[in-house]
1. Any idea what angle helix 274-286 forms with the longest principal axis of the chain, computed on alpha-carbon atoms, 0 to 90 degrees, nearest 10?
2. Once you've got the GNM for the chain with C-alpha springs shorter than 10 Å, pick whichever of Val283, Val69, Val184 has the biggest mean-square fluctuation.
3. Heavy-atom accessible area per residue, the chain, 1.4 Å probe: how many Å²?
4. If I model a spin label as a point 7 Å beyond the Cα along the Cα-Cβ vector, how far apart are those points for Ser257 and Ala102 in nm?
5. Please sort by residue number the GluC sites (Glu not before Pro) in segment 180-258 whose DSSP state is loop and whose Cβ has at most 10 other Cβ atoms within 10 Å.
6. Counting each DSSP H run of 4 or more residues in the chain as -39500 (n - 2.57), what helix-only mean residue ellipticity at 222 nm follows after dividing by all residues, to the nearest 500 deg cm²/dmol?
7. Top mean-square fluctuation among Asn265, Asn11, Asn307, Gaussian network model of the chain, C-alpha springs under 10 Å?
8. How tilted is helix 206-216 with respect to the longest principal axis of the chain? Cα atoms for both, answer in degrees (0 to 90, nearest 10).
Amino acid sequence: MRIGPYQLDNNIIVAPMAGITDRPFRQLCRQLGAGLAVSEMMSSNPKVWKTDKSMNRMDHSGESGVRSVQIAGADPELMAQAAQFNVANGAQIIDINMGCPAKKVNKKLAGSALLQYPDLVEEIVDAVVNAVEVPVTLKIRTGWNTENRNGVEIAKIAERNGIASLAVHGRTKACMYKGEAEYVTIRDIKRSVSIPVVANGDITSPEKAKQVLEYTGADAIMIGRAAQGRPWIFREIDHFLRTGKHLPTPEISEVRSILMEHLINLHQFYGEPMGARIARKHVSWYLQTHDQAGQFRRVFNALEAPNEQIEALEKYFETLAAN
């Protein structure tokens, strides 16, 4: 998989997820086999660029691999300025968000709401591509509802305006995350353009990854929710695609090691009290299969101090290992 001048290590990409794909999570996914990790979306509104939230999202210090930053908005001029601002802050790829179905994003006409307005899509893409020297990628859905799957039209707009790679989530805006992703539209998009196409949506296993790649003809796959609490899914898929064989499930000792490293990195990255609060959702995802009744997670979610969280997890894993 190649995006502009950048040759990725493989064709498995971490989807940008607001509140999740921060620097600690991106780094972890890269260590565990992802070829590229896209940052959580940055607003094109310059008034919020200097807030703590935005500054964290723009923090790429010490990050390995190619730095891809997603921007969201509906004003072509502001989107162009946001692209320039993020390139100045170290972004090597700019990704345009036209895939987010969240109401608070869509009510500002950003994210997947833009798919209803192909002319505006063209204006935004043209403005951003011409504003920066780095490759610009685009993330879309298949359309805005099941009666209006205009992904092929949007893909052609993207291609003729210089988009370097196109990621497609196999649902419409109206579908949100309900039902099952469909890959027919992604296959049609791949057949209609010559730029790289990335398939996204419901890819939860190595077998599914292979099946989606073969069915759609896509150049790469993008993993989002399936990596929450399971960041080793990237190496599992990479190994399966290369060898046709499965890696063994991680031992509980390795899960402990990965989780503890992630936890400490979150504490260091966000500081108190935010680090401990953000850690809660990640710990909950990691332990879903081990703590099915949720008993430990309820206790953990009441802890405010980083050292308390670390101690509680150490004891939890000691108990697991003893059983």
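The values are calculated or read from the model by the stated rules, or taken from the named source; none is laboratory data. All figures in this text were calculated on a predicted structure; none of them were measured in a lab. As a convention, Cβ positions derive from the backbone with ideal geometry for all residues, glycine included, and neighbour counts pool all protein chains shown. Only protein heavy atoms, including side chains, enter the accessible area calculation; ligands, DNA and RNA are left aside. Shrake-Rupley method; radii C 1.70, N 1.55, O 1.52, S 1.80 Å.
1. 90
2. Between Val283, Val69, Val184, it is Val184 that shows the largest mean-square fluctuation.
3. Using a 1.4 Å probe on heavy atoms only, each residue of the chain averages 44 Å².
4. With each label placed 7 Å out from Cα toward Cβ, I get 3.4 nm.
5. On the way: sites: Glu180, Glu182, Glu207, Glu214, Glu236, Glu251, Glu254; in loops: Glu180, Glu182, Glu251.
Here the GluC sites (Glu not before Pro) that fit, given the DSSP loop and packing criteria, are Glu180, Glu251.
6. Details: 13 runs with 142 residues, N = 323.
So the calculated ellipticity at 222 nm is -13500 deg cm²/dmol.
7. Of Asn265, Asn11, Asn307, the most mobile in the Gaussian network model is Asn307.
8. The two axes meet at around 10 degrees.
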